[in-house]
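The values are calculated or read from the model by the stated rules, or taken from the named source; none is laboratory data. Keep in mind that what you see is a predicted model, and the values were worked out from it rather than measured. Positions of Cβ are generated from backbone atoms using ideal geometry, with glycine treated the same way; all protein chains shown enter the neighbour counts. Remember, those area values only see protein heavy atoms, side chains included, never the ligands or the DNA or RNA. Shrake-Rupley method; radii C 1.70, N 1.55, O 1.52, S 1.80 Å.
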Amino acid sequence: MPFSHPARLISAPWVLPIASPALAEAAVVVDGEKTIVALGPRAEIKSAFASLPEERAQGALLPGLVNSHTHLELSVLAGHLPGGKGLPSWATQVGRETAFFSAEQRFDAARRAAMAAAAAGTAAVGDVGNTLLAVPALAGAGLAGVFFHELLGSREAATGDALADAGREYREFVQSNPWPANLARMPAPHALYSAGPDLLRRIFAAAAGAGRSTSIHVAEGEDEIQLLRDGTGRWAEILALLQVPAGSRTPGMNPLAYLESLGAFAGERAPLLVHMVCASAEDIALAQRHHAPVVLCPRSNLHIGGRLPDVRASLTAGLALALGTDSLGSSPDLSLWGEMAALAAHFPDLAPEIWLHAATVGGAAALGLDAFGALAPGKRPGIIDVTPVDMQAPCASLVAATSPEVSWVIRP
Ligand SMILES: [Zn+2]
């Protein structure tokens, strides 16, 4: 079979394509453009591609991981933000602590965090930033994906139009920096308590117009639910201090019904619903009706609020799951292996394949990254070799590993 050079044939004790069943003693062939052209049993692939030398991997071959929610911009806060007191307390510390660091320190931390994420097997991310500070860090680490340019009501209040202001920031940035070719950019609202309804509507309309998913932190804590339902809770107190008119962020609804009323699901692609820790049955049913993916960030949820979302209810409803690490301000590292291990430990009765799926195919689908997340002909996901792998139970052993050895066989 003719190839543009250099095609490669890599075999391994296990190949976990994710979108199809795991294969023992199998092999993958990629063309010179790093696109997968074939995979299957080792003997069959070797005989079909007899002209290619066999390269041997040591453990399990997997697609590069997709971290659907992180904030590289906050990497400098690693270890600085104690948790356990809920989101309003944690979030208040973010602004205060960030001010202690220079732009150079924040960029250097983002650069190191991006490199560590890539070293842990991450091929693509959904990175959220109030500024564009982390974009060169993403490029430097070779991370593809989507950059969510995060907008808050405070920016709207300061500039009159947060969306237009972010557009200006982007245009100024690209005058002196190349925008990475493999990184999409989407405006994204921070949360339902931190952005007013008019800004939220305009961002959802922009996402619908672009045919892309945006992303929002939703149902992350009880204070958010209280604010939306009846204007009580700690967010209500904080908004009053910020002189946001009382009632302007209290639609009297649950979060998903409010999102629906704002046009969040009017476009072709629903937004990524990040966290959903306090989602009600009504919220889960609406997410399911609108095919909205839920991004789980379990270690961040445990650090900030000490509880996890009702993952079983989401699975029973058939929700599409993706995984994120959130930032180093609430998570010990940006490795999805730690997230998978945390979920496996908290839900030992659930199949480990669920977490591997969320960390790969689930993230790629949520972010609209069609080439990523699975080993299958036509995809270009990057390939990692992960060890150690238990020959009898490959998925369970990888998911439980927390920090397995990861080596890149093919970078995307
Ligand atoms: Zn977040």
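Where only protein heavy atoms count, and the probe is 1.4 Å, what is the accessible area per residue for region 171-267 in Å²?
Normalised by residue count, the accessible surface of region 171-267 is 44 Å².
Among DSSP bridges having both ends in the chain, what percentage is antiparallel? Round to the nearest 5.
Close to 40 percent.
Tell me whether region 66-168 comes out rounded, prolate or oblate; compute the Cα gyration tensor, take square roots of the eigenvalues as a ≥ b ≥ c, and use a/c under 1.5 as the rounded threshold.
Judged from the Cα gyration tensor, region 66-168 comes out oblate (a/c at least 1.5, b/c at or above a/b).
With a 1.4 Å probe and all protein chains left in place, how much of the accessible area of the chain comes from carbon and sulfur atoms, in whole percent?
Looking at the chain in its full context, I get 56 percent from C and S.
Taking only DSSP H segments of four or more residues, each worth -39500 (n - 2.57), what value at 222 nm results for the chain once the sum is divided by all its residues, to the nearest 500 deg cm²/dmol?
Helix contribution divided over all residues of the chain: -10500 deg cm²/dmol.
Return the inverse of the average 1/r over all pairs of distinct C-alpha atoms in the chain, which is the Kirkwood hydrodynamic radius, in Å to one decimal.
One decimal place: 21.7 Å for the Kirkwood radius.
Tell me, what ³J(HN,Hα) does each residue in region 256-272 have, in order and in whole Hz, if you take phi through Karplus 6.51 cos²θ - 1.76 cosθ + 1.60 with θ = phi - 60° and put x for Gly and Pro?
5, 5, 5, 4, 4, 5, 8, x, 4, 10, 6, x, 5, 10, 5, x, 6
Identify, among 60, 82, 21, the residue whose Cα sits farthest towards the positive end of the charge dipole of region 21-115, taking +1 on the Cβ of Lys and Arg and -1 on the Cβ of Asp and Glu, with the dipole about the Cα centre.
82
Mind checking which of 336, 262, 241 has the largest fluctuation in a GNM of the chain, springs on alpha carbons under 10 Å?
241
Picking from 46, 85, 379, which is most flexible by a Gaussian network model of the chain using Cα springs under 10 Å?
Residue with maximal mean-square fluctuation among 46, 85, 379: 85.
Check the straight Cα-Cα distances from residue 379 and name the lysines below 21 Å, setting aside those fewer than 8 residues away within the same chain.
The reachable lysines, counting only those whose Cα sits under 21 Å from residue 379, are 34, 46.
Taking the highest mean first, how do the peptides 188-198, 212-222, 129-139, 343-353 order by number of other beta carbon atoms within 10 angstrom per residue?
Going from most to least packed, we get 212-222, 188-198, 129-139, 343-353.
What ³J(HN,Hα) values, in whole Hz, does the Karplus curve 6.51 cos²θ - 1.76 cosθ + 1.60 give for region 300-314 when θ = phi - 60°, with x put for Gly and Pro?
5, 4, 5, 5, 7, x, x, 8, 10, x, 7, 5, 4, 4, 5
Using the heavy atoms of the protein chains alone and a 1.4 angstrom probe, what is the accessible area of region 282-412 per residue in square angstrom?
Here the residues of region 282-412 average 36 Å² of exposed surface.
Solvent-accessible area of residue 155, probe 1.4 Å, all protein chains present, reported in Å² to the nearest ten, please.
About 50 Å², ignoring ligands and nucleic acids.
For residue 327, list long-range residues whose amide hydrogen, built 1.01 Å from N in the peptide plane, is under 5 Å from its own amide hydrogen.
Amide H neighbours of residue 327: 71.
Enumerate the aspartates and glutamates that residue 85 could reach by cross-link, defined here as Cα to Cα under 14 Å, with residues fewer than 8 away along the same chain left out.
220, 222, 223
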